[in-house]
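First up is the structure itself, then whatever we jot down about it.
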Amino acid sequence: MYYLEIGDLMVHEVPQNGKRLYICDVCSLSYEERSWADKCEDYCTKHHACSLEITRHATQMRS
Ligand SMILES: [Zn+2]
């Protein structure tokens, strides 16, 4: 598992089915695009809640 520093935020990057997913460190939702994970974490950190506008871009983790 890697840690990416994006400003003050930390978004997890995890390999998944040959792709990479980016996980919001606050709400643990995963995104295929780092920009969404970054937005999510930024929103979650500031508002202590998720934005539906952002979380609808999240991917379902399948196990
Ligand atoms: Zn989040």
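Close amide H partners of L21, meaning residues 5 or more places away or on another chain with modelled amide H under 5 Å apart, are V14, Q16.
Give, as a single signed number, the net charge of other residues whose beta carbon lies under 11 Å from the beta carbon of A37, with Lys and Arg counted +1 and Asp and Glu -1. Cβ neighbours under 11 Å give a net charge of -4. Annotation: amide H of L29 within the under-5 Å range of C24, sequence separation 5 or more or interchain, hydrogens built in the peptide plane. Distance between the 7 Å Cα→Cβ label points at R34 and A49: 3.0 nm. Computed from phi, the 3J(HN,Hα) profile of region 26-40 under the Karplus parametrisation 6.51, -1.76, 1.60 (θ = phi - 60°) reads 8, 10, 6, 6, 10, 9, 7, 10, 4, 4, 6, 4, 5, 5, 4 Hz, with x in place of Gly and Pro.
Each reported figure results from applying straightforward, stated rules to the coordinates on display, with no laboratory input. If you're wondering where the values come from, they're calculated on a predicted model, not measured in any experiment. As a convention, Cβ positions derive from the backbone with ideal geometry for all residues, glycine included, and neighbour counts pool all protein chains shown.
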